[in-house]
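See structure below.
The values are calculated or read from the model by the stated rules, or taken from the named source; none is laboratory data. Keep in mind the model is a prediction, meaning the values are calculated, not measured. So basically every Cβ, Gly included, is an ideal-geometry build from the backbone, and we count neighbours across all protein chains shown. The area values use the complete protein model at the heavy-atom level, side chains included, leaving out ligands, DNA and RNA. Shrake-Rupley method; radii C 1.70, N 1.55, O 1.52, S 1.80 Å.
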Amino acid sequence: MALFEIQHLTFTYPGQQEPALKALDFSVEEGEFLVICGKSGCGKSTLLRHFKTAMAPFGVREGEILFDGRRLSEVSVREQGARIGYVLQSPDNQVVTDKVWHELAFGLENLGYDTGTIRLRVAEMASFFGIQTWFMKNVEELSGGQKQLLNLAAVMAMQPDILVLDEPTSQLDPLAAGDFLATLRKINAELGTSIVLIEHRLEEVLAYADRVMVMEEGGILALAPPRHLASLIRGNDMFQAMPVPMRIFDALEGEGDCPVTVREGREWLQQLPATEAMPEGELETKRVPEAGGAGRFSGRRRQNREEAPVIEIRDVWFRYEKELPDVVRDLNLRVNKGELFCLLGGNGTGKTTTLNLIGRIRKPYRGKIFLKGKELGQYRESELYGSLLGILPQNPQCLFVKDTVEEDLREMTGRHGDRERLEEVVEQTEIRHLLKAHPYDLSGGEQQRAALAKVLLLDPEVILLDEPTKGMDGFYKQKLAGILKSLTGEGRTILMVSHDIEFCAEFGDTCALFFYGGVVTSRAARDFFRGNSFYTTAANRMARKWCPEVVTAKDVIERCRK
C-alpha cells in the first residue's frame, strides 16, 4: 500500500516563470527505501518540503499529495508531526534545546505524551542509537556527526511511519556518514520505517535503496531499482554521479547485472581475463578537466621543496577558551604556490579551525603563521583580504547580504573589478540563471557556486575553501574541478578542507590527514590514498587486490583496457 501518493504535482515559486516541479507522479510504498538524486537546483529539496505542510514553500501549487489515502492538507499538524519525521541538511538548524536528553524528549513533550511514555521512548532511542555515553552532555559539545544522529534519534522517538531526509550526510566525514547511512538501513530493515532520502553520496546508499529517482529540471528522468539505473541515464550528465562500480562496468561494456557496491564490483573485476598486477609507475598521469570541463591528460605538478611556501604554519596551538582543551595542537603545515592542497579528517579534528587561523578569524596562543613569507599578524586588513586572500566558509549563506545574487555580485564588482570580470565569473560558475533569485532560495549546491563567484571576483592569490563540494552533484563537481585547476594553473594557491575523498583523489595535488589537532601525514594525492582502509577511494578498494596502483575509476578503466 502507498504511504505517499504524488499526483500531477506542479509547483512554481513567486516571480518565476519556470516551474520548480513539473507534473510529478509517483508513490512511496510502506517500508520502501527511496533515494532521490539529481543536479543542484533540479527541485529535490522543493519536492521534499511538500511532504509536510509546515515545511511547504510559498508559491503556486497544482496537483495532489495523498498521505495514507487522505489529502495531506486534511491531516492534522499533530498527526503529521508524529507520523512524518523530517531531518534537515544542517544539524544545527534542527537542534532546539541545550541538553542531549532534553532534545530526545522535546518532540514527545510537544505531542503531549505522559512522563512515563516519554522516559521509556527516550531510553529506548538512546540505547538503539548508542547515545548513552553522551546522554547528559550539552548539545554544543557534540560533533557534527553526533548532532545529526541526535536529530535522527529525536525524530524516531515519535515513532514515525516515514522518514524524510534532505542530504543529512553533507557535513559529515566519510566514517560518520557511513555510520549514519547504516543506521538508516537498520531503521528501515528492523522497524519497517519508510525512508525518502536526498543524497549526493551514492557510493554507499544505493546498496540500501529499493528504488532510485533521478530528477532533472523539475521532472523525473528515471525511477528504477539501482541495478537498472545505469541503462536509463547513460549519456546523461547525472551518470557521472553514479557509484564507481557502475561507471567502470558501463565504460568497459560489461555484461549481466550491473554491480552497485564495491564488493560486487570486485567480484565482477575478478572475472575479467587480465588481472595480473600492474608494474610500478605505470599510472603516472592523471586526467583533469579544463576550465570548460573537457578532460585532458596532464602530469602531476612536481613541487619544488626549495621554493618558499605560500602558506606556512609553525608549531601552532589554539583553544577556544582557557579552560577548554586545545583544538589545534603543535600544527605544522606547508602549502606551495599553484597547489591544490586538500585537508581531510574526521568531524571535530580542527580542520575548519585551522582555516580560521589562516584567515585571521581566530588567533593562536602559540606558534606563527606566515603568508607569502610574511607573518600573518603584520598584514593590515586592507592588504590581507581581497586580492591576497579569499575565503569560502562552510556555510555559504554567510557571504550573502543582498536580495538577489546579481546584487551580491555587483557589490564585489564595484570595489574590486569591472563588468567584464563579472560576466567572466558568472559564465565560469554557470550561475546566470540564478542572478535574479534570492540567495536563500537557492539549493545548497547553487549557494556554493554563487558564494564561490563572490570569492573569485576578488581575484585572490590564496583561496581557502571549507567543504566547497557540499551539496554538489557529480556533474558540477567536475565543473568546480575545472575552475580550481584553471586557478592553480594561473599560479594561485588553494587550501581546501573536504570530506569528499573521491574529489580530492582525482583533482588534488597534495592531501593531508588531520587528526587530534594536527597533520599526521601529507603526501601527493596518489600516494596518500593507496593502501588506506577507510580514507581511500572506492576504485582503490575495488581493484587494489590485483592492481594496487589504481586510485580513481579512470585508472581502473585504463588498466582494464590495456
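List of remarks:
- For region 318-364, GluC sites (Glu not before Pro) meeting the loop criterion (DSSP other than H, G, I, E, B) and having at most 13 other Cβ atoms within 10 Å: 321, 323.
- For region 109-131 and region 1-56, distance of Cα centres in Å: 31
- Pairwise centroid distance, computed over Cα atoms, of region 155-212 with region 369-435, Å: 36
- Prolate/oblate/rounded call for region 34-155, Cα gyration tensor, a/c under 1.5 rounded: oblate
- Three-way shape call for region 1-94 based on the alpha-carbon gyration tensor, with the a/c threshold at 1.5: rounded
- Global form of region 127-168, assessed from the alpha-carbon gyration tensor, a/c cut-off 1.5: oblate
- Loop-located trypsin sites (Lys or Arg not before Pro) across region 329-432 with a Cβ neighbour count of 13 or fewer within 10 Å are 380, 402, with loop assigned by DSSP.
- Counting only alpha carbon atoms, the long axis of helix 444-456 and the longest principal axis of the chain meet at about 20°.
- Computed from Cα atoms, the angle from the helix 144-156 axis to the main principal axis of the chain rounds to 0 degrees.
- GluC sites (Glu not before Pro) within region 411-495, DSSP loop, no more than 14 other Cβ atoms inside 10 Å: 490
- Percent accessible area from carbon and sulfur atoms, the chain, protein chains only, probe 1.4 Å: 47
- Within the set [x] 59; [y] 50; [z] 43, the number that percent of Cα pairs over 34 Å apart takes when calculated for this structure is listed as [z].
- In order along region 36-42, the phi-based Karplus estimate (6.51 cos²θ - 1.76 cosθ + 1.60, θ = phi - 60°) of 3J(HN,Hα) comes to 10, 9, x, 4, 4, x, 7 Hz; Gly and Pro are listed as x.
- Mean residue ellipticity (222 nm) of the chain, computed from DSSP H runs ≥ 4 via -39,500 (n - 2.57), nearest 500: -9500 deg cm²/dmol
- Residues 560, 37 ordered from highest to lowest accessible area at a 1.4 Å probe: 560, 37.
- Å² per residue, accessible surface of the chain at 1.4 Å: 43
- The relative contact order of the chain, computed from alpha carbon pairs under 8 Å that lie at least 6 residues apart in sequence, is 15 percent.
- Length-normalised contact order for region 141-276 - Cα pairs under 8 Å, 6+ apart - percent: 17
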